[in-house]
1. Could you sort 16-25, 33-42, 1-10 so that the peptide with the highest average Cβ count within 10 Å comes first and the rest follow in order?
2. Determine the calculated [θ] at 222 nm for the chain from helices alone, applying -39500 (n - 2.57) to every DSSP H run no shorter than 4 residues and normalising by the residue count; nearest 500 deg cm²/dmol.
3. Once both axes come from the Cα atoms, what is the angle between helix 36-54 and the longest principal axis of the chain, in degrees from 0 to 90, rounded to 10?
4. Let's test this: bin the Cα-Cα distances of the chain at 5 Å from zero up to the farthest pair and state each bin's percent.
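FYI, it's all coordinate maths here, none of it is from the lab. Since we're looking at a predicted model, the values are computed, not measured. Cβ placement follows ideal geometry from the backbone for every residue including glycine, while neighbour counts extend to all protein chains displayed.
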Amino acid sequence: MGRRLAQASVFALMVDIGSAGLTNLAQLLIACLIGPRNFGISVALRARLQGQRTS
């Protein structure tokens, strides 16, 4: 059971790291497509909306 748990934990960590990498690549692609000014505005808007959702 210990070995199986360790393997599952490593797999979960790899999935987490992979999803973070894909998110960063997607943000980079969006920044390249819409430009730095518009990307900055969109990031500020998303942060504002995220803050409202958690409060």
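1. Packing order, densest peptide first, comes out as 33-42, 16-25, 1-10.
2. -33500 deg cm²/dmol
3. That helix lies at roughly 60 degrees to the long axis.
4. Final binned percentages: 4, 17, 13, 15, 15, 12, 9, 7, 5, 2, 0.
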